[in-house]
Amino acid sequence: MKVVVCVKQVAQLDEDFELRDDGRDVDPDCVEWDLNEWDAFALEAAVRLGESAAEAEIVVVTVGDDEAEERLRACLAKGADRAVRVWDGGLVDADVMLVARLLAAVVEREAPDLVLCGVQSSDGVSGATGVAMAGFLGLPRVAVVTGIDYDASARTATVERELEGGLVERLRVRTPALLTVQTGINEPRYASRRAIKQAREKPLEELTPADLGLDAEAVARTVASRVTAMDHPPKGDAAELIEGGPDEVAARILAIVEERVG
Amino acid sequence: MSGVLVVAEARRGAVRDISLELVAAAGSLVRGAGGPLVVGLVGADAEELAPRLDVAGVDEIVTVRSPREHFEAHVAEQALEALVADVEPAVVLLGHTIDALGYAPALAARAGLGFASDAWSVQWDGMPVVRRGAYGDRLVARVEFPGRDRVLVLMRSGAVEPAAGAGSARVRALDVAFDEAAIATEHLGYREVERGDVDITQAEFLLSVGRGIGDKSNLSQFEELAEALGATLAVSRPIVDAGWMPSTRQVGQSGLTVKPKLYLAFGISGAVQHLAGMRKAETIIAVNSDPEAPIFNVAHYGAVADLFDVAEALSAREA
Ligand SMILES: Cc1cc2nc3c(=O)[nH]c(=O)nc-3n(C[C@H](O)[C@H](O)[C@H](O)COP(=O)(O)OP(=O)(O)OC[C@H]3O[C@@H](n4cnc5c(N)ncnc54)[C@H](O)[C@@H]3O)c2cc1C
């Protein structure tokens, strides 16, 4: 079987981050990059599906600048067989729809049995890239999946979908299909030192949108939103800050406990 | 092309709360965008449930009968496409809910709609303008949709007060010729998460810990502290995902909604899905070393401090 896993490098803001000069995003020098938490679970799910199949190929795909290569190598060390990175300078402000369209173009080329994505990314929090991709591809899809049981001979997957309030729906989906994977579905593995070394030898392909048949005009046409400004959120009725050292904080907390539930 | 189409949501025979919040958001939008305000509802029982959506401000309710008893994402996508073609709105509003996340982005992609999700607000400023969080709600982004004459927005729940007051909407059924071949899933059943011996929804005082506690071995210290303070221990999702505590202790959108007199949070950042489960607590105290953590926006009292230092000082005073 073949599984494509879409992953993203996410930005974690430094404590004293600053905005870019145009005010539309954070200065990229003020962030640290990491693999998106949800994608780690999606990758692990793919690797486990691969391990229980007679023959399998796991391909990780990302849209990201050269920083993202480190994230792809980490995925290769955790069991992916090959990686694809899509980028060119024009993608710096790519929105959900453009990223989904680029990933869809890679999936089209790979023709996998399953596409796995994370439910959302921790920095963008759109929760939409995977399902938008399914829309571009016309693929069956299930969002927020907490269990996957793939039946290769029947070409179906029995999955669990997590709803609000602890409710879970069981359903069967026809494959090829796209699933967005929720945290907690498995326990993502750590890579061994040996696997990290081996990952350096695994293939990592770099593509531009043009390589995927998307010229500048097609790219511009796909963008469905534009951030025009970023700002600090209004503070509202901000919390009353408890000042002082740990002992003073503890004393104040105990006083509030006494007052409210004493 | 004008007006707003709200897509209401129902599950297991009941209209979900988000539906009337969307109507309220649409109400202020049509003042700028122009009417009408149309509410669409898709489901096997859509016609029976339609009167529940007849609140002040709604001009028309359009029902689509689903060929499936339960929500099905590919049915929903086709129904949404038909509703949009029929109503021809400038703005389509849905909730940022698990169901909507399963189909709305797919239609937006296929139909080339302007798109934004997890919106805090949508306003008309000669064109639709969305405000939404960025970087886990540490920042707020202003989003526009240049070149799109129709946009689809998924709204965060709890962002506006639900619409109320009796309405006088027309009700109409829209017949949709569903493509059966595209309905790719089959419902097998629902499962509720088991209830444990402890019911955190009934507790008056919850001491809640998040990923900030770092390691499983640190959990027992907070169990002991909770006991000493007379509190019940609750947790955020990563603690359950890691298998350190059962899901019966999880607060949030996919866990339980709690409304204690006091919620004391250690090392919880305040992600929207966590806040969904506890923002109605009477008093919230947050201890977090990050002064920018979004939990401080809902907390009544906050301490920017190392949680272990505070926990130890609390234990020492209680001993
Ligand atoms: C569909 C969906 C449903 C979800 N449902 C839920 C849900 O029901 N409940 C839920 O909780 N989440 C839910 N989530 C996950 C949610 O998005 C967050 O990932 C999660 O709430 C984060 O948990 P946290 O705050 O414990 O961890 P983090 O966000 O990692 O925050 C840890 C915090 O600890 C602080 N910290 C670290 N060390 C210390 C220290 N020594 N002293 C003081 N502070 C410290 C950090 O500053 C940080 O703010 C859901 C997500 C999705 C997509």
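The values are calculated or read from the model by the stated rules, or taken from the named source; none is laboratory data. Every value quoted in this text rests on a predicted model; they were computed, and no experiment measured them. Here Cβ is always computed from backbone atoms with ideal geometry, including for glycine, and neighbour counts include all displayed protein chains. SASA here: full protein model, heavy atoms, side chains in, ligands and nucleic acids out. Shrake-Rupley method; radii C 1.70, N 1.55, O 1.52, S 1.80 Å.
A few remarks follow.
- Note on chain A: with a GNM built from Cα contacts shorter than 10 Å, the maximum mean-square fluctuation among A:A134, A:A40, A:A54 falls on A:A54.
- Averaged over its residues, segment B:207-319 has an accessible area of 38 Å² per residue, based on protein heavy atoms and a 1.4 Å probe.
- Sites listed here are GluC sites (Glu not before Pro) in segment B:50-126 whose DSSP assignment is loop and whose Cβ has at most 11 other Cβ atoms within 10 Å: B:E69.
- On full extension, the segment bounded by B:E223 and B:E48 gains 58.2 nm, given 0.36 nm per residue less the C-alpha separation.
- Within the assembled protein chains, the solvent-accessible surface assigned to A:D88 is about 60 Å², based on a 1.4 Å probe.
- Inter-label distance, nm, simple model (7 Å from Cα along the C-beta direction), B:E81/B:A316: 6.6 nm
- Modelled label reach - B:D306, point 7 Å along Cα→Cβ, segment A:240-262 residues with backbone N closer than 19 Å: A:242-251
- For A:R226 and A:D149, the difference between the fully extended length at 0.36 nm per residue and the C-alpha to C-alpha distance is 23.9 nm.
- For segment B:109-128 versus segment A:85-143, the spacing of their alpha-carbon centroids is 19 Å.
- Computed about the Cα centre, the dipole magnitude for segment B:4-182 is approximately 580 debye when only Lys and Arg (+1) and Asp and Glu (-1) carry charge, each at its Cβ.
- Shape call, segment A:2-222: gyration tensor on alpha carbons, a/c limit 1.5: rounded
- In sequence order, calculated HN-Hα J values of segment A:156-161 (Karplus, 6.51, -1.76, 1.60; Hz; x Gly/Pro): 9, 10, 9, 10, 10, 10
- Electrostatic dipole magnitude of chain A [Cβ: Lys, Arg +1; Asp, Glu -1; Cα centre; debye, to 20]: 1660 debye
- Taking a point 7 Å out from the Cα of A:T158 in the direction of its Cβ, the residues of segment B:164-208 whose backbone N falls within less than 19 Å of it are B:184-193.
- In segment B:51-162, the DSSP beta bridges split such that about 55 percent are antiparallel, to the nearest 5.
- Options A:V115, A:I148, A:V5, ranked by Cα towards positive dipole end of segment A:2-222, top entry (Cβ charges): A:I148
- Zone residues, segment B:244-285, relative to A:A255, backbone N less than 20 Å from point 7 Å out along Cα-to-Cβ: B:262-265, B:283-285
- Per-residue SASA entry for A:S153, accessible area with 1.4 Å probe, Å² rounded to 10: 110 Å²
- Share, in percent, of DSSP beta bridges within chain B that are antiparallel, nearest 5: 20 percent
- If you run the Gaussian network model on chain B, springs between alpha carbon atoms under 10 Å, then out of B:R249, B:R68, B:R237 the most flexible one is B:R68.
- Here B:W124 sits with roughly 80 square angstrom of accessible surface, probe radius 1.4 Å.
- Percent antiparallel among DSSP beta bridges (both partners in the protein assembly as shown, rounded to 5): 35 percent
- Applying 1/(1 + (r/R0)^6) with r as the Cβ-Cβ distance of B:E204 and A:D247 and R0 = 25 angstrom yields a FRET efficiency of 0.45.
- To the nearest ten degrees, helix B:73-87 and the longest principal axis of the Cα atoms of chain B are 50 degrees apart.
- A:A238/A:A216 FRET efficiency (R0 35 Å; Cβ-Cβ; nearest 0.05): 0.20
- Modelled FRET efficiency - R0 22 Å, A:D65 with A:E108, Cβ distances, 0.05 increments: 0.45
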